[in-house]
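The values are calculated or read from the model by the stated rules, or taken from the named source; none is laboratory data. As the structure is a prediction and not an experimental result, all values here were calculated from the model. With ideal geometry, Cβ positions are generated from the backbone for all residues, glycine too; neighbour counts draw on all protein chains shown.
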Ligand SMILES: [Fe+2]
C-alpha cells in the first residue's frame, strides 16, 4: 500500500491546471488521472522526493497540449511545454512534458525537431517513469500492454500519420524505457509515495482504473510479459 504524505504544492498546482484545461476533454482527463496514479506507483524508481514530485506533476500535465487553450503548433508535447514555459513553470517540468514518450521521434517527422530542441531532453529515471506511465495507460485510463497501446495509437492516428512514420524508430525506445523501469522496480526498496492529489490521483479525478481482465496481477496491476525480455512490463497509450 502506498504511503500517504502531504502533497507538495507543485503536484496540487499541476493537478488543478490539468483539470482546468482538460475538463472538457473527458477522455484525455481520465487518461491523465490514470497516468498520474501510475506515476505514484513508480516513485520508488526515482532517487528522492523532489524527483517523485516532479514525476507526478509532469504526469498530470503531460497531455495539456491537447487543450484548445494550449494548442499552438498542433503537436501536443511541444504545445504543452511551450504553455508551461510561458507561464513560468519549472523548466524541468516543461521539458519533461515537451519530450514525454520520445516525442522527438514524432517531432522530427513533423518538422518540429528544432523547436523541440529548445527544451532539454533528459535521460533519467524520471523521464523513463513518465514515459512508462504514459505507455501503460490508455485513452480512457484503461491499462493495457505496450503492444496493444502502440496498435491503438497507430489505429487512432492512421497509417500515414507522423506517429506511424516515426513508429519504427520510436517503439524500440519506448520498450527500452519500460525494461529500465521494470529493472528499477525489481531492485527498489522504496515505498511508493501517494503525492498525486488531495486524495490520490484516481479518486481525485472521480476515476477508477479500468482494467484489462486478460492480464494477470502483480504489484502494479495488469502485468503482461514482454516477449523480448521475458520480464513483466505494463504498456499502454
Ligand atoms: Fe498521454
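Residues considered: 107, 133, 103, 127. Of these, the only one that is over 23 Å from residue 34 (Cα atoms), in contact (Cβ under 8 Å) with a residue 12 or more places away in the chain and either touching a strand residue (DSSP E or B) at 6+ places or on another chain (Cβ under 9 Å) or crowded, with 18+ Cβ neighbours inside 10 Å (or both) is 107.
Mind listing whichever residues of the range 5-34 are surrounded by 13 or more Cβ atoms within 10 Å (Cβ to Cβ) and in a loop (DSSP other than H, G, I, E, B)? Scanning the range 5-34 gives 7, 8, 25. Entry remark, the range 133-161: residues being touching a helix residue (DSSP H, G or I) at 6+ places or on another chain (Cβ under 6 Å) and more than 16 Å from the ligand (Cβ to nearest atom) number 0 in total.
When 70, 106, 97 are checked against the criterion of being in a loop (DSSP other than H, G, I, E, B), in contact with a helix residue (DSSP H, G or I) (Cβ under 6 Å, 6 or more places away or on another chain) and within 15 Å of the ligand (Cβ to nearest atom), 70 stands alone in meeting it. Quick one: is residue 186 loosely packed, with under 15 Cβ neighbours inside 10 Å and more than 18 Å from the chain's Cα centre (by Cα)? When the stated conditions are applied, residue 186 passes them.
Whether a residue is within 11 Å of the ligand (Cβ to nearest atom), free of Cβ contacts under 8 Å to residues at least 40 places away in the same chain, in a helix (DSSP H, G or I) and buried (at least 24 other Cβ atoms within 10 Å of the Cβ) was assessed, and residue 65 passes this test.
Looking at this structure, is residue 166 buried (at least 18 other Cβ atoms within 10 Å of the Cβ) and more than 17 Å from the chain's Cα centre (by Cα)? Judged against the criteria, residue 166 is a match. One residue stands out among those in the range 45-54 that are more than 15 Å from residue 12 (Cβ to Cβ) and at pLDDT 95 or above: the one that is surrounded by the fewest Cβ atoms within 10 Å (Cβ to Cβ), which is 51. Of the helices (runs of 4 or more DSSP H) lying entirely inside the range 132-208, those carrying at least 2 residues that are at pLDDT below 85 are 146-157, 201-204. Among the conditions (1) within 13 Å of the chain's Cα centre (by Cα); (2) farther than 24 Å from residue 112 by Cα, residue 51 misses just one, which is (1).
Yes or no: the range 36-43 includes at least one residue that is more than 14 Å from the ligand (Cβ to nearest atom), more than 19 Å from residue 149 (Cβ to Cβ) and in contact (Cβ under 8 Å) with a residue 12 or more places away in the chain. Yes: the range 36-43 contains one or more residues that are more than 14 Å from the ligand (Cβ to nearest atom), more than 19 Å from residue 149 (Cβ to Cβ) and in contact (Cβ under 8 Å) with a residue 12 or more places away in the chain. Taking the stated definitions as given, is residue 80 buried (at least 21 other Cβ atoms within 10 Å of the Cβ) and either within 16 Å of the ligand (Cβ to nearest atom) or within 21 Å of residue 138 (Cα to Cα) (or both)? Answer is yes for this residue. Out of (1) within 16 Å of the ligand (Cβ to nearest atom); (2) under 25 Å from residue 173 (Cβ atoms); (3) assigned to a helix (DSSP H, G or I), the odd one out for residue 85 is which? Here residue 85 clears every test but (1).
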